[in-house]
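To start, the structure itself, in structure tokens.
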């Protein structure tokens, strides 16, 4: 009996030890799980997540949605006003057909960069380069570390202009918390400007404009959707365009995840680019600003025109496919930036009803802004909490939830949210401002 009792106690102690180890492993940040746990077992460690963004409790009626697709008469168009965004708003990007086609400038003689000669992939995938009609040399490819496609892609673009820094150096500024899920286009542009370069962020770009930028010596960073493998599901991703081939109709892309000199067909790239309102970033030498301004055209500094054209494009896509969740989302963003938050909130409701990928709010925060603007604070809190149950590492959610709590009279709850955001990212100016405003 004594021997059997000893075995029982030993088994119990072993089970308790295994349970404690299991509980400890489940508390590991995701980057350690990815490194330490065999891939077939990693699914056990990821938190459960919803299949899509939670749907609204009361979606807009068909009549109200139809009104969103009808442009107002010119005299009734509201002028763009300030929006309640407390996070950087993407700097504009080129516009579709309503704008005149940018004039093609002579291909410039580009000053040799610090890293001259063929890109790394020129030796590993020569077939992708032999067909290129335009190819910018001198970009140093960088494979990203965990969740680091923003800094890695930015570093590749900066290497074209001679910067020798690493993605680690960029991430210290852009992603102080290694688990941060998002770096905005404006944050990347601000980093480039801090180095003495120019940077322009626009939305509503098109394939023709991308080709002309490349022909004139400007590599282009795109923010896109990304589905590399089924098990990973949809995520946001940055890519750097360095060239294109008219035949077979593809861009040549430096991809921090897939590798250097990837050939991506025009249609496939646009399919995922539209998930981020076709946003793009162009970094340039200050002396090249006039050339770049000519290529981008009137929307270089006309946000009203850019967002009006983005709204027209989204309406066209909705007319072609009324169940296009991303088109409704893009319409919501355009309404918001044009100072029409009520219509933006309705468009976002419809996008949510049509089932957006569950990670979309890791990168795109405009629904929070619209719901705050129209006083739908419960929606803001519900969306923030739904995401925080999956990952606590996106500082923007805490700021939006804090604003909603503050509007509902919970000052201490709001203070806690702003402080949590700053623990994740001490450089987050929006959280700093909100916390300062709460000081006694």
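Can you name every one of the helices (runs of 4 or more DSSP H) wholly within the range 85-172 that holds 3 or more residues which are modelled with pLDDT of 85 or more?
149-159
When the range 346-358 is examined, which residues are found to be in contact with a helix residue (DSSP H, G or I) (Cβ under 7 Å, 6 or more places away or on another chain) and over 22 Å from residue 184 (Cα atoms)?
Going residue by residue through the range 346-358, those that are in contact with a helix residue (DSSP H, G or I) (Cβ under 7 Å, 6 or more places away or on another chain) are 346-348, 350-351, 354-356.
The answer is 346, 347, 350, 354, 355.
Somewhere in the range 296-318, is a residue touching a strand residue (DSSP E or B) at 6+ places or on another chain (Cβ under 7 Å) and either closer than 19 Å to residue 234 by Cα or modelled with pLDDT under 95 (or both)? First the steps, then the outcome.
From the range 296-318, those touching a strand residue (DSSP E or B) at 6+ places or on another chain (Cβ under 7 Å) are 296, 299, 306, 310; that's our starting set.
If we keep only those that are either closer than 19 Å to residue 234 by Cα or modelled with pLDDT under 95 (or both) too, we end up with none.
Checking the range 296-318: not a single residue is touching a strand residue (DSSP E or B) at 6+ places or on another chain (Cβ under 7 Å) and either closer than 19 Å to residue 234 by Cα or modelled with pLDDT under 95 (or both).
Among residues belonging to the range 196-211 that are touching a strand residue (DSSP E or B) at 6+ places or on another chain (Cβ under 8 Å) and not in a strand (DSSP E or B), point out the one that is surrounded by the most Cβ atoms within 10 Å (Cβ to Cβ).
Going through the qualifying residues, I end up with 204.
Please determine whether any residue of the range 181-195 is assigned to a strand (DSSP E or B) and within 30 Å of residue 245 (Cβ to Cβ).
no
Of these, 336, 361, 311, which one is more than 30 Å from residue 390 (Cα to Cα), in contact with a helix residue (DSSP H, G or I) (Cβ under 7 Å, 6 or more places away or on another chain) and buried (at least 21 other Cβ atoms within 10 Å of the Cβ)?
When all the criteria are applied, what remains is 311.
Conditions: (1) within 15 Å of residue 285 (Cα to Cα); (2) crowded, with 19+ Cβ neighbours inside 10 Å. Residue 171 meets all but one. Number of the miss?
(1)
Scan (1) crowded, with 21+ Cβ neighbours inside 10 Å; (2) modelled with pLDDT of 95 or more; (3) closer than 16 Å to residue 201 by Cα for the single condition residue 290 breaks and write down its number.
Residue 290 satisfies every listed condition except (1).
Sort out for me the helices (runs of 4 or more DSSP H) sitting completely within the range 359-426 that have 3 or more residues that are within 23 Å of the chain's Cα centre (by Cα), touching a residue at least 40 places away in the same chain (Cβ under 8 Å) and farther than 20 Å from residue 329 by Cβ.
395-407
How many of the residues making up the range 405-426 are out of contact with any helix residue (DSSP H, G or I) (no Cβ under 7 Å at 6 or more places or on another chain) and either within 20 Å of residue 184 (Cα to Cα) or modelled with pLDDT under 90 (or both)?
Result for the range 405-426: 2.
Based on what the data block shows, is residue 394 out of contact with any strand residue (DSSP E or B) (no Cβ under 9 Å at 6 or more places or on another chain), surrounded by fewer than 20 Cβ atoms within 10 Å (Cβ to Cβ) and at pLDDT below 95?
So residue 394 fails the test.
Criterion first (surrounded by fewer than 20 Cβ atoms within 10 Å (Cβ to Cβ) and either at pLDDT 95 or above or closer than 21 Å to residue 258 by Cβ (or both)) does residue 235 satisfy it?
It is true that residue 235 is surrounded by fewer than 20 Cβ atoms within 10 Å (Cβ to Cβ) and either at pLDDT 95 or above or closer than 21 Å to residue 258 by Cβ (or both).
Quick check on residue 264: is it within 21 Å of residue 220 (Cβ to Cβ), crowded, with 17+ Cβ neighbours inside 10 Å and in contact with a helix residue (DSSP H, G or I) (Cβ under 6 Å, 6 or more places away or on another chain)?
Working: within 21 Å of residue 220 (Cβ to Cβ): yes; crowded, with 17+ Cβ neighbours inside 10 Å: yes; in contact with a helix residue (DSSP H, G or I) (Cβ under 6 Å, 6 or more places away or on another chain): no.
So residue 264 does not fit the description; no.
Every residue, every condition in (1) assigned to a strand (DSSP E or B); (2) under 18 Å from residue 155 (Cα atoms); (3) without any contact (Cβ under 8 Å) to a residue 24 or more places away in the chain, yes or no:
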| position | (1), (2), (3) |
| --- | --- |
| 213 | no, no, no |
| 221 | yes, yes, no |
| 224 | yes, yes, no |
| 241 | yes, yes, no |
| 248 | no, no, no |
| 254 | yes, yes, no |
| 262 | yes, yes, no |
| 268 | no, no, yes |
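The values are calculated or read from the model by the stated rules, or taken from the named source; none is laboratory data. As the structure is a computational prediction, the values presented were derived from the model and not from experiment. As a convention, Cβ positions derive from the backbone with ideal geometry for all residues, glycine included, and neighbour counts pool all protein chains shown.
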